[in-house]
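This structure is in structure tokens; I'll ask about it shortly.
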Ligand code: HEC
């Protein structure tokens with residue numbers, strides 16, 4: 001039945017030659033699991049495109065509605081949370097897959113002549129993935145999205161001469177707002193996908209013209225080649241299925257809740273970027289003053305240029321890693337630096353904050369005496385007295401608090417705040433807690 005249908009189609013569309021070019025591509029040295037990363041990356045791109053289309057059905061790219069539309073997808077739409085999860089973890093998966101793909105190509109010296117152009121188009125694809133990540137991050141329009149994008153745009157602003165122009169192009173206006181959001185949305189769902197599809201086509205076209213590089217050892221390559229179908233197709237398919245199952249499992253089990261809706265006036269919010277930008281976030285912490293441009297644009301620009309032109313920088317014709325100490329060493333140093341920074345950053349983020357016992361005790365006293373009946377801290381509590389969210393900044397002196405707690409009216413005549421029967425210890429600890437209520441810096 002299937003073969004009759006195939007014959008019918010073949011007699012009209014002449015499928016045989018296409019089938020041959022698609023499936024009979026010879027792979028020097030034979031099929032291998034190390035070649036699956038390119039296909040996996042392509043698969044994830046398709047997954048992102050499909051889940052993105054479904055998200056776009058409900059998503060509204062305006063500051064008034066973006067946040068609520070994402071919340072609606074998450075809580076009301078059938079499978080909405082799952083599809084958003086797939087899109088979120090798919091993005092992470094894409095960064096990992098393209099990273100591994102590039103690592104494999106680097107290790108195998110597969111960028112060497114005649115495959116320089118394929119490498120360069122690949123680097124452009126990597127940059128496109130980063131652009132997808134950056135523009136997609138803003139779309140939920142929550143606090144993290146808003147302030148992380150603000151940081152990114154400010155970095156672009158430090159580029160000399162063209163910085164201000166680039167910022168205006170990215171932001172669309174004087175501040176991060178409605179124009180920025182619709183701009184990022186258009187870039188994310190129209191410009192970048194179109195560019196990416198074109199670059200993938202070019203990447204694969206070049207691959208078909210020059211053929212796969214195969215193993216680094218001449219001896220293994222000399223063993224003969226094997227066609228793409230069936231073994232490599234099978235390995236690619238298994239890898240894709242495995243990756244899909246992993247991403248689906250993450251989407252079902254690991255939530256990534258929205259933070260509060262973006263509030264442009266709350267400049268105290270400290271955003272944390274996605275894990276794949278964390279190493280960079282860590283690097284930015286170490287540079288200040290005159291060194292700042294090094295991290296904000298000099299290093300990234302140099303990195304992109306070196307990556308793009310790498311096949312011309314590394315002129316060593318050998319492909320075996322043991323004959324390429326400089327190239328392999330450079331790559332290794334780069335990875336060690338990136339992963340060390342990532343490690344430090346993760347450690348700082350997830351370190352159990354060591355709470356001062358005095359502050360913890362002060363917090364208990366605050367709860368015990370029902371201070372929240374009159375005071376609000378980060379949105380919680382009554383509004384009879386002043387908001388205490390940042391009282392440590394407003395009233396930084398310990399003495400003031402001690403005097404105020406002992407006798408509120410002596411400090412604020414006519415105050416309705418009651419005098420509490422506090423021991424000396426309690427007085428001190430409650431004050432320590434008050435002083436700890438500060439904006440993060
Ligand atoms: C009956 C309501 C009420 C309760 C209960 C109350 N306060 Fe107050 N609090 C006030 C009012 C009103 C003020 C403003 C006048 C003043 O400074 O005394 C104030 C001021 C303060 C201030 C100074 C804030 C500023 O910005 O000047 C601090 C600190 C404070 N309260 C802490 C506490 C703590 C801690 C508790 C619980 C042990 C508490 N309050 C219980 C009503 C209350």
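The values are calculated or read from the model by the stated rules, or taken from the named source; none is laboratory data. The structure displayed is predicted, hence computed values, not measured ones. Don't worry about glycine lacking a Cβ; one is built from the backbone with ideal geometry, like all the others, and counts go over all protein chains shown.
If you take the residues of segment 416-440 that are in a loop (DSSP other than H, G, I, E, B) and under 17 Å from residue 370 (Cα atoms), which of them is farthest from the ligand (Cβ to nearest atom)?
Applying the filter and picking the extreme gives 423.
Also: Considering only residues that are touching a helix residue (DSSP H, G or I) at 6+ places or on another chain (Cβ under 6 Å) and not in a helix (DSSP H, G or I), look in segment 162-175 and name the one that is surrounded by the most Cβ atoms within 10 Å (Cβ to Cβ).
172
So for segment 363-370 (the condition being in a loop (DSSP other than H, G, I, E, B), out of contact with any helix residue (DSSP H, G or I) (no Cβ under 8 Å at 6 or more places or on another chain), under 30 Å from residue 412 (Cα atoms) and not assigned by TED's automatic domain parsing to the domain that holds residue 274), does at least one residue qualify?
Yes, segment 363-370 contains a residue that is in a loop (DSSP other than H, G, I, E, B), out of contact with any helix residue (DSSP H, G or I) (no Cβ under 8 Å at 6 or more places or on another chain), under 30 Å from residue 412 (Cα atoms) and not assigned by TED's automatic domain parsing to the domain that holds residue 274.
Return the residues of segment 372-413 that are within 7 Å of the ligand (Cβ to nearest atom), over 15 Å from residue 428 (Cβ atoms) and touching a residue at least 24 places away in the same chain (Cβ under 8 Å); say none if nothing qualifies.
Those that are within 7 Å of the ligand (Cβ to nearest atom), over 15 Å from residue 428 (Cβ atoms) and touching a residue at least 24 places away in the same chain (Cβ under 8 Å): 374, 384, 385, 388, 391, 395.
Here is a further query. Starting from residues that are in contact with a helix residue (DSSP H, G or I) (Cβ under 8 Å, 6 or more places away or on another chain) and in a loop (DSSP other than H, G, I, E, B), keep the ones in segment 311-359 and report whichever is farthest from residue 96 (Cα to Cα).
That would be 356.
Right, another one. Near the ligand (Cβ under 10 Å from one of its atoms), over 42 Å from the mean Cα position of the chain (by Cα) and at pLDDT 90 or above: does that describe residue 369?
yes
Still on this structure, I have one more. Checking residue 148 against (1) modelled with pLDDT under 95; (2) closer than 17 Å to residue 62 by Cα; (3) not in a loop (DSSP other than H, G, I, E, B), only one condition comes out false. Which one?
The failed condition is (2).
Give all pairs with beta carbons closer than 6 Å in which a residue from segment 208-222 that is touching a residue at least 60 places away in the same chain (Cβ under 8 Å) meets a residue that is assigned to a helix (DSSP H, G or I) and surrounded by 15 or more Cβ atoms within 10 Å (Cβ to Cβ); count only pairs at least 6 apart in sequence or on separate chains.
Sorted first by the residue in segment 208-222, then by its partner, the pairs are 214/221; 215/221.
OK, next. Testing residue 305 on (1) in contact with a strand residue (DSSP E or B) (Cβ under 9 Å, 6 or more places away or on another chain); (2) more than 16 Å from the ligand (Cβ to nearest atom), one condition comes back false. Which one is that?
If we test residue 305 against (1) in contact with a strand residue (DSSP E or B) (Cβ under 9 Å, 6 or more places away or on another chain); (2) more than 16 Å from the ligand (Cβ to nearest atom), just (1) comes out false.
Looking at (1) at pLDDT 95 or above; (2) surrounded by 15 or more Cβ atoms within 10 Å (Cβ to Cβ), which is the one condition that is false for residue 246?
Unmet condition: (2).
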